[in-house]
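K.L.:
Take this structure first; my questions come after.
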Amino acid sequence: MSHDARKRAAAAAALTLVEPGMRLGLGTGSTARHFVDLLAARVAAGLAVICVPTSEATRAQAEAGGITLTTLDETPELDLTVDGADELDDELRLIKGGGGALLREKIVAAASRRMVVIADDSKLVDCLGRFPLPVEVNPFGYRATLHALKQTLAGQGFDGVALTRRQKPDGAAFVTDGGHWIVDCALQRIAAPEALSRALLQIPGVVEHGLFLGLCRKAYVATETGLAEIGPNA
Ligand code: 5RP
């Protein structure tokens, strides 16, 4: 099975959790895109749900698919969010933000009674960090924030790691839906994600980071041989 077929299989599994009347958070990325696609087919067949997208890209896809959208201002509590991940470990700790939507993804996940991750098995890791950790920063005072980020990371045992401001193919800074920049941090191995999370959030110019800790309740991970479920209800 191709990676894409695995992503779709994980998305199809998560669709079984959706019930009529639910308030849903819709994730961002190629795996979440499968979920939105499958959900749109259910909506076309009569399923009534209302959804909050985690990015403008997902908003456009959902609108095109005829899915009814709402906002967290109108609907501050959601039943279920389904989203992809760049990495997950067996404690359901995640790295997200490869698609640049981590801030809205985290706000939406935190507003949900349940967050479920869908992924192919290439995302499952023993230790988080091989995927560069995205840190979303305010462009104001960028150099000062970058300096503070280096100092903070050194204090957490990550001295001299490569920090790269994310760019678009034309070389301009990648700008998130919220108007911020992203610094990708090549940490390789994050042994203590909780301590790192706390430290990063102390930096005033850091808006959010891609460690999702204590948010995901269940994951559907599609493998070559079938679907693995990770989580309390597995
Ligand atoms: C976007 C994300 C995505 O969920 C993550 O990058 C996984 O994407 P994909 O399903 O395309 O591998 O966090 O900000």
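K.L.:
Nearest 10 degrees, 0 to 90: what angle lies between the long axis of helix 142-155 and the longest principal axis of the chain (Cα atoms)?
P.N.:
90 degrees
K.L.:
Roughly what % of Cα-Cα distances in the chain sit above 22 Å, to the whole percent?
P.N.:
Everything past 22 Å amounts to 51 percent.
K.L.:
Positive end of the dipole of the stretch 96-222, charges at C-beta (+1 Lys, Arg; -1 Asp, Glu), about the Cα centre: which of V135, A111, S197 has its Cα farthest in that direction?
P.N.:
Result: A111, furthest along the dipole toward the positive end.
K.L.:
Something else now. Out of the trypsin sites (Lys or Arg not before Pro) in the stretch 165-234, which ones are loop residues according to DSSP with at most 14 other C-beta atoms within 10 Å?
P.N.:
R189
K.L.:
Using the crude model of +1 on Lys and Arg Cβ and -1 on Asp and Glu Cβ, and no other charge, please compute the dipole size for the stretch 97-148 relative to its Cα centre, in debye to 20.
P.N.:
Using only the charged Cβ atoms, the result is roughly 220 debye.
K.L.:
Under the Karplus relation 6.51 cos²θ - 1.76 cosθ + 1.60, θ = phi - 60°, what is the ordered set of whole-Hz ³J(HN,Hα) values for the stretch 101-112, x standing for Gly and Pro?
P.N.:
Result, ordered by residue: 10, 4, 5, 5, 4, 6, 4, 5, 4, 5, 8, 9 Hz.
K.L.:
Rounded to the nearest 20 debye, what is the charge dipole size of the chain about its Cα centre when +1 sits on each Lys and Arg Cβ and -1 on each Asp and Glu Cβ?
P.N.:
So the magnitude is around 280 debye.
K.L.:
While we're on this one: Loop-only chymotrypsin sites (Phe, Trp or Tyr not before Pro) in the stretch 114-201, please: DSSP not H, G, I, E or B, and at most 15 other Cβ atoms within 10 Å.
P.N.:
F140, F174
K.L.:
About its Cα centre, what dipole magnitude does the stretch 79-183 give when the only charges are +1 on Lys and Arg Cβ and -1 on Asp and Glu Cβ, stated in debye to the nearest 20?
P.N.:
Here the size comes out at about 500 debye.
K.L.:
Sticking with this structure for a sec: Rounded to the nearest 10 degrees, what's the angle between the helix 3-15 long axis and the longest principal axis of the chain, both from Cα atoms, 0 to 90?
P.N.:
Approximately 60 degrees, to the nearest 10.
K.L.:
Here's another thing I want to ask about it. Under 20 Å from the Cα of K123, which lysines turn up, not counting those fewer than eight places away in the same chain?
P.N.:
By straight Cα distance, K123 reaches K7, K96, K106, K218.
K.L.:
What percent of all Cα-Cα pairs in the stretch 74-117 falls into each 5 Å bin, going from 0 up to the bin containing the maximum distance?
P.N.:
5, 22, 31, 25, 13, 3, 1
K.L.:
Let me ask you something else. With n ≥ 4 as the cut-off for DSSP H runs, can you work out [θ] at 222 nm for the chain, using -39500 (n - 2.57) per run divided by the number of residues, rounded to the nearest 500?
P.N.:
For the chain, the value works out to -9000 deg cm²/dmol.
K.L.:
Please list, by residue number, every one of the GluC sites (Glu not before Pro) in the stretch 63-172 that is coil in DSSP and has at most 15 other beta-carbon atoms within 10 Å.
P.N.:
E74, E77, E91
Every number in this text was worked out from the coordinates using simple rules, so none of it is lab data. All figures in this text were calculated on a predicted structure; none of them were measured in a lab. Every residue, glycine among them, receives a Cβ derived from its backbone with ideal geometry; neighbour counts consider all protein chains shown.
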